[in-house]
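Asker: Shown below is the structure under consideration.
Read the figures in this text as sums done on the coordinates, not as results from a lab. It should be emphasised that the depicted structure is a prediction, and the values quoted were computed from it without experimental measurement. Please note: Cβ atoms are built from the backbone with ideal geometry, for glycine as well, and neighbour counts cover all protein chains shown.
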Amino acid sequence: MVSFKDKMTPIAASQAAVPELYSSMPSNPQINLLYLAPGQDLISPEQFKAFNPETLAHGAGTILAKMSPSTLRTSVPVPKLFAAYAYGPLDRDVDDFGSEDLAKSWGKCTPAEKQMISTDLKTHMTELRSLTAAGYIGSVHDGPVTDVILEWSTNCRGPFKSEEGFNATISDTFVAKSKGQVGPYIRGMLDAHKHGIVFTHGDLRPDNILVKNGRVTAIVVWEMAGWYPDYWEFVKAFWLETFADDWASCLLGVLTPCYCEQLIYAKLMSVLW
């Protein structure tokens, strides 16, 4: 999960999931810990009530509440999670939060629901891409490139001050792994076009999109997010696409197509992956 600083306001939404019926809780409830960030403490239902938190949502026998002030300059649903745990016993699967990843639900969605999901995603992606550019290529907080394309790089992984520097490292990594005389060709491919730098999720696959009732409730798995050339979101979204259903057609309406760049990326990853 990511938090932004400097050009973006930090995300600080602390969340806790606890049963709605406090009076029926056993005196020594079972705690099922799903996640706890460093420095965070678990709280009891009684302590939770004493905070008088703002309730964000009810459902599946739980309350989702905000325990601290939250400011966010984008409307993309990406809360920073400090803790997720449940007091039991529970009469449901502890992994059931009311939402479902799109990989499981896309085939069950109606045409109208697919259209709503596409509209939601386009809104979120447009908002991310409209953030003021950070002036480098790399991960948040002026960090190095975390994308898998440089996983095998023995050179600097950035951050890169220009697209040219980023492309040079990619081509050097490709040449080192392929061990062929392909360097000038690959460099020519990468440098054929110039691109703007925009904020990018970097792994926009159905598995990483949560939906409920035909609406996007969250976009998760931000490990490869950062500032990248403006074609990056498209090529990453289509990298592992098998075209088994109409998800790819949906993506063409969500992201600006970059067909040539996608073919270049596929060529690179055929050797690098």
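Asker: Specify which residue in the list Asn167, Thr256, Trp239 is farthest towards the positive end of the charge dipole of region 118-273, using unit charges on the beta carbon of Lys, Arg (+1) and Asp, Glu (-1), about the Cα centre.
Answerer: Of the candidates, Asn167 comes out farthest on the positive side.
Asker: Among 127-133, 112-118, how do they line up from the highest to the lowest mean number of other beta-carbon atoms within 10 Å? Write down the numbers at each step before the final one.
Answerer: On the way: 127-133: 13.7, 112-118: 16.1.
Final packing ranking: 112-118, 127-133.
Asker: Any idea what Rg and Dmax come out to for region 115-259 if you just take the C-alpha atoms, in Å?
Answerer: Here Rg and the maximum Cα pair distance are 16.1, 53 Å.
Asker: Please compare each pair in Lys104/Lys267; Lys177/Lys267; Lys179/Lys267; Lys194/Lys236; Lys122/Lys194 to a cut-off of 21 Å on the Cα-Cα distance and tell me which ones are over it. Kindly include the intermediate steps, with their values, before the conclusion.
Answerer: Details: Lys104/Lys267 29 Å; Lys177/Lys267 13 Å; Lys179/Lys267 15 Å; Lys194/Lys236 18 Å; Lys122/Lys194 23 Å.
Flagged as over cut-off: Lys104/Lys267; Lys122/Lys194.
Asker: Here is a further query. What ranking, highest mean first, results for peptides 162-170, 186-194 when packing means the other Cβ atoms within 10 Å averaged over each residue? Before the final figure, lay out each step's value.
Answerer: Numbers: 162-170: 18.2, 186-194: 15.2.
Listed from highest to lowest mean packing, they are 162-170, 186-194.
Asker: With a ≥ b ≥ c taken as the square roots of the eigenvalues of the C-alpha gyration tensor of region 119-193, please select rounded if a/c is under 1.5 and otherwise prolate if a/b is larger than b/c or oblate if it is not? Intermediate values should be presented prior to the final figure.
Answerer: Values: a/c = 2.28, a/b = 1.85, b/c = 1.23.
Prolate shape, in that a/c is at least 1.5 and a/b is the bigger ratio.
Asker: How large is the dipole of region 99-273 about the Cα centre if only Lys and Arg carry +1 and Asp and Glu carry -1, each at its Cβ, rounded to the nearest 20 debye? Walk me through the numbers on the way to the answer.
Answerer: Working: 16 positive and 21 negative charges, 32 e Å.
So the dipole magnitude of region 99-273 works out to roughly 160 debye.
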